[in-house]
Amino acid sequence: MDKVIILRYSEIHLKGKNRAFFENILKRNITEKLRGTECKTEFGYGRYVVGGYAESSERAICKKLSEIFGLHSLSTALRTSAGIDDIAEAATKISEKKGRFRVTVNRADKTLPYTSVMLAAEIGGRLLDAYPELEVDLHTPDFVIYVDVRSSETAYIYSSSIPCAGGMPVGTAGKGLCLLSGGIDSPVAAYMMAKRGLELTEIHFWSYPYTSLEAKEKVIELAHILRKYTGKTRLIVIPFTEIQEAIHKYAEPNYMITLVRRAMMRIAEKTAEKYGLGCIINGEDLGQVASQTLESITVTNSVIRNIPVFRPLIGFDKEEIIAAAKKIGTYETSIKPFEDCCTVFLPESPATKPTIRRSEASEKKIENYDELIRKAVENAEIIPIDGE
């Protein structure tokens, strides 16, 4: 009898003939997540098991595993032979000593000399013998003893499950580029797209000296927090000062934010093409600020030519986004008082209903605009995010 952690995956079982592709990437992500941890992973058909770990490290291992996209839940279990005596001994070890209970049996091997109902009744009877204060309740039990008999040699006995991150394994849906501002919204957007299987690269626009070194370090910290969900990634820091100064010099004041957002999207698309990334992700939320009205999003999006832009937060309200940020652990870092480049040269009355025509007219006034965009892409700083 040994103690193990049973892993159950999420949507992969729906994938039919493509299932092996998703499983292989999930196995890779589990192996990478547990690298450096003393344990052993076993990947069977539809059943992944982690064993060979010290009991003192069990909680930390469960925490790591619960952060992996593609896993639905996990359980700490006792693994025994499929013999009734061994199963009963394990059930006695994990059972409460009083209260109402039920035994639920899953018997994958139909050649065994007992049925699921027979085994449940036998284990329940032995628990009642061992703990007289127990009472069987099939409908509203206080706890359940689960018996999962996989073969004539192996059974798993457990009493609870821990929810995991769900979603799809990172790397199964292609690669994307996520704008990471340092605020509350964009880290949540990154998390949500990683949950759908996207392998992410993050991009940040830095306007030194108008934005501080601390603002840049804050974004690096956010990327490291996200890393436990996204896996190894990189942060691309774009030098944005010259472009913002040029926009401030030539643009209509109320169009400055619109032009800044259009420049960001141009740079993001060129960066995505440079690194073979198939989409752009941002944290825009319809109507939250002037740059996120329907008209503003339309004007900003119009500069993108070849790839889609995903806005996973578009229908969220601010409280929902804050709750998500707290859940994933980015909120406290996001609210640190180091402002990003979107706060530089803010106009008193930004346009809430800009037009493409007026935006293009303002951009034509900027000297060497295309060259400024090109230089920003070429002079980007690449920061590997390869540790938790």
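Near Glu199, the amide H atoms lying under 5 Å from its own belong to Gly171, Ala173, Gly174, Lys175, Gly176; only residues 5 or more places off or on other chains count, and H is placed 1.01 Å from N.
Peptides 329-340, 365-376 ordered by packing proxy, namely the average of other Cβ atoms within 10 Å per residue, highest first: 329-340, 365-376. Size check on the stretch 213-335: the Cα extents along the three principal axes, sorted descending, read 41, 32, 31 Å. Phi angles across the stretch 285-301 convert, under the Karplus curve 6.51 cos²θ - 1.76 cosθ + 1.60 with θ = phi - 60°, into 3J(HN,Hα) values of 9, 3, x, 5, 9, 4, 7, 10, 6, 4, 5, 5, 5, 4, 5, 5, 5 Hz, Gly and Pro given as x.
A simple count of charges around Tyr48, restricted to other residues whose Cβ falls under 11 Å of its Cβ and scoring Lys, Arg +1 and Asp, Glu -1, yields +1. Each residue of the stretch 210-219 was assigned a 3J(HN,Hα) from its phi angle through the Karplus expression (A = 6.51, B = -1.76, C = 1.60, θ = phi - 60°), giving 5, 10, 7, 4, 4, 5, 5, 5, 4, 5 Hz with x at Gly and Pro.
Amide H to amide H, with H built 1.01 Å from N, Ile281 comes under 5 Å of Leu177, Cys178, Leu179, Phe310, counting only residues 5 or more places away or on other chains. Each Lys and Arg adds +1 at its Cβ and each Asp and Glu adds -1 at its Cβ; summed about the Cα centre, the stretch 1-135 shows a dipole of about 640 debye.
Each 10 Å bin, from zero up to the one with the longest distance, holds this percent of the alpha carbon pairs of the stretch 175-385: 9, 37, 41, 13, 1.
Just subtract the alpha-carbon distance of Asp317 and Asp109 from 0.36 nm times their residue separation and send over the number in nm, one decimal.
70.0 nm
When the inverse distances between all different Cα atoms of the chain are averaged and flipped, the Kirkwood radius reads 23.8 angstrom. Between the beta carbons of Lys375 and Ile335, assuming R0 = 30 Å, the FRET efficiency works out to 0.40 to the nearest 0.05. Looking at Ala20, Pro347, Gly231, which one has the Cα that reaches farthest to the positive end of the dipole of the chain (charges on Cβ: Lys, Arg +1; Asp, Glu -1)? The Cα lying farthest towards the positive end belongs to Ala20.
For the chain, what does -39500 (n - 2.57) per DSSP helix run (n ≥ 4), summed and divided by total residues, give at 222 nm, in deg cm²/dmol to the nearest 500?
The helix contribution divided over the chain gives -12000 deg cm²/dmol.
Net charge in the neighbourhood of His13 (other residues with Cβ under 14 Å of its Cβ; Lys, Arg +1, Asp, Glu -1) is +3. From the largest down, the stretch 161-232 spans 48, 27, 20 angstrom on the principal axes of its Cα atoms.
So how many Å³ per residue does the convex hull of the Cα atoms of the stretch 2-163 work out to? Walk me through the numbers before you get to the answer.
Working: hull volume 19.7 nm³, N = 162.
So the per-residue Cα hull volume is 122 Å³.
Amide H contacts of Asn106 (H built 1.01 Å from N, in plane; Pro and chain starts excluded): Val147, Asp148, Val149 sit under 5 Å, all sequence-distant by 5 or more or on other chains. Using a probe of 1.4 angstrom and keeping all protein chains present, the accessible surface of the chain works out to 47 square angstrom per residue. For the stretch 26-109, chymotrypsin sites (Phe, Trp or Tyr not before Pro) are listed when DSSP marks them as loop and at most 12 other Cβ atoms sit within 10 Å of their Cβ; the list is Tyr45. In plain terms, the chain from Val144 to Glu11 could stretch by 45.4 nm, reckoned as 0.36 nm per residue minus the Cα-Cα distance.
For the pair the stretch 253-272 / the stretch 165-191, the C-alpha centres are spaced 20 Å from each other. Counting only protein heavy atoms and a probe of 1.4 Å, the accessible surface of the chain is 51% carbon and sulfur.
Coupling constants for the stretch 258-272 follow from the phi torsions by the Karplus curve (6.51 cos²θ - 1.76 cosθ + 1.60, θ = phi - 60°), and in residue order they are 4, 5, 4, 5, 5, 5, 4, 5, 4, 5, 4, 5, 5, 5, 4 Hz; glycine and proline get x.
For the stretch 305-388, the pair-distance distribution built from all alpha carbon pairs, in bins 5 Å wide starting at 0, is 2, 8, 8, 14, 22, 18, 15, 9, 3, 0 percent. Residue-normalised convex hull volume from the C-alpha trace of the stretch 123-185: 226 Å³ per residue. With the highest mean first, a sort of the peptides 233-246, 194-207, 109-122 on other beta-carbon atoms found within 10 angstrom per residue produces 194-207, 233-246, 109-122.
The values are calculated or read from the model by the stated rules, or taken from the named source; none is laboratory data. Only a predicted model underlies this, so the values are computations on that prediction, with no experimental measurement involved. Note: ideal-geometry Cβ built from the backbone for every residue, glycine included; neighbour counts use all protein chains shown. Keep in mind that these areas ignore ligands, DNA and RNA; they rest on the heavy atoms of the full protein, side chains included. Shrake-Rupley method; radii C 1.70, N 1.55, O 1.52, S 1.80 Å.
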